[in-house]
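Peer 1: Quick one: structure below, then a few questions.
The values are calculated or read from the model by the stated rules, or taken from the named source; none is laboratory data. On a predicted model such as this, the values are computed, not experimentally measured, just so you know. A quick note on method: Cβ atoms are made from the backbone with ideal geometry, for glycine too, and the neighbour counts reach across all protein chains shown. Calculation scope for accessible area: heavy atoms of the full protein, side chains included, ligands and nucleic acids excluded. Shrake-Rupley method; radii C 1.70, N 1.55, O 1.52, S 1.80 Å.
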Amino acid sequence: MASSPLNVFKQPLRLFSQQPTTGFFRDGYCRTGGIDPGNHAVAGIVTDEFLDFSASRGNDLRSVGLKGGCKWCLCTARWLEAYQAYRSGKVTNLGVPRVDLDATEDSALGMVDMETFRQFSVKHDESNTSGSGNGRSAA
C-alpha cells in the first residue's frame, strides 16, 4: 500500500468492524485503496429501514447476513442515495445509516460534504454499544 489511508479528519483511518468483517478488502477498514469501483468508504451502522431501501435499489445486504445494528463499509453513492431519499421524504431519518467519521475514508468527501456526514455521525460510545462488531468486543 502506497500510503496509510486517512479518515475524513485527515487522521489515520480507524478499524471499523471485524464482526462482521467488512470493507472492500475484508480487513475491517473502510478503505478503498483507489481500486474499489464502489468506493466502500463510509463506515455506516445500518438499520432495517436502510437494508430495505438498499434491497429496493438492487443490493440486498441481508443476503450477506446483515441486520439492523450491523457495522458495514457502505458505498458512498448508496449512502448518498439514502440521504437524498430522506430529504425527499421517501425514507425516515432512520433510513440513513449513522456514520463513524473516524472510520470513514476521506475519499467519501468527494461525493458527500462533511456537514452532511456530521448530521448522521455517531459518538464513539454509541457506535461501541450498538450491537455488532465494534472491533473490540469479547464475543
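Peer 1: Around residue 98, which amide H atoms from residues at least 5 apart in sequence, or from another chain, sit under 5 Å from its own amide H, with H modelled in the peptide plane?
Peer 2: For residue 98, the qualifying residues are 45.
Peer 1: According to a simple spin-label model (label point 7 Å from Cα along Cα-to-Cβ), what is the distance in nm between residue 3 and residue 92?
Peer 2: 4.2
Peer 1: Summarise the accessible area of the chain (1.4 Å probe, protein heavy atoms) by the percent that is carbon and sulfur.
Peer 2: Values: 3480 of 6940 Å².
Ligands and nucleic acids excluded, carbon and sulfur give 50 percent.
Peer 1: Report the residue, chosen from 92, 21, 32, that carries the largest GNM mean-square fluctuation when the chain is represented by alpha-carbon nodes joined by springs under 10 Å.
Peer 2: Among 92, 21, 32, the largest GNM mean-square fluctuation belongs to 92.
Peer 1: Express the accessible area of the chain per residue in Å², computed with a 1.4 Å probe while the remaining protein chains stay in the model. Mind dumping the intermediate values first?
Peer 2: Details: 6940 Å² over 139 residues.
Per-residue value: 50 Å².
Peer 1: Would you please give the FRET efficiency between residue 63 and residue 19, computed as 1/(1 + (r/R0)^6) with r the Cβ-Cβ distance and R0 = 22 Å, to the nearest 0.05? Walk me through the numbers on the way to the answer.
Peer 2: Values: r = 18 Å, r/R0 = 0.82.
Step by step, r from the Cβ atoms, then E = 0.75.
Peer 1: Continuing with this model, one more query. Using the 4.7 Å Cβ rule, please list in number order the cysteines from the chain without any candidate partner.
Peer 2: Flagged as lacking a Cys partner: 70, 75.
Peer 1: Net charge within 11 Å of residue 62 by Cβ-Cβ distance, Lys/Arg positive one each and Asp/Glu negative one each, not counting residue 62 itself? Before the final figure, lay out each step's value.
Peer 2: Working: positive: 67; negative: 48, 52, 60.
With Lys, Arg at +1 and Asp, Glu at -1, the neighbours total -2.
Peer 1: Shifting gears a bit: Compute for the range 1-52: radius of gyration divided by Kirkwood radius, i.e. Rg/Rh, restricted to C-alpha atoms, rounded to two decimals.
Peer 2: Details: Rg = 11.7 Å, Rh = 11.9 Å.
Radius of gyration relative to Kirkwood radius: 0.99.
Peer 1: To one decimal place, what orientation-averaged projected area in nm² is obtained for the convex hull of the Cα set of the chain?
Peer 2: Numbers: hull surface 31.5 nm².
Result: 7.9 nm².
Peer 1: Ranked highest first by the average count of other Cβ atoms within 10 Å around their residues, in what order do 101-108, 56-63, 5-12 fall?
Peer 2: 101-108, 5-12, 56-63
Peer 1: Give me the aspartates and glutamates in straight-line cross-link reach of residue 123: C-alpha distance below 13 Å, same-chain residues under 8 apart excluded.
Peer 2: Qualifying aspartates and glutamates at Cα under 13 Å: 100, 102.
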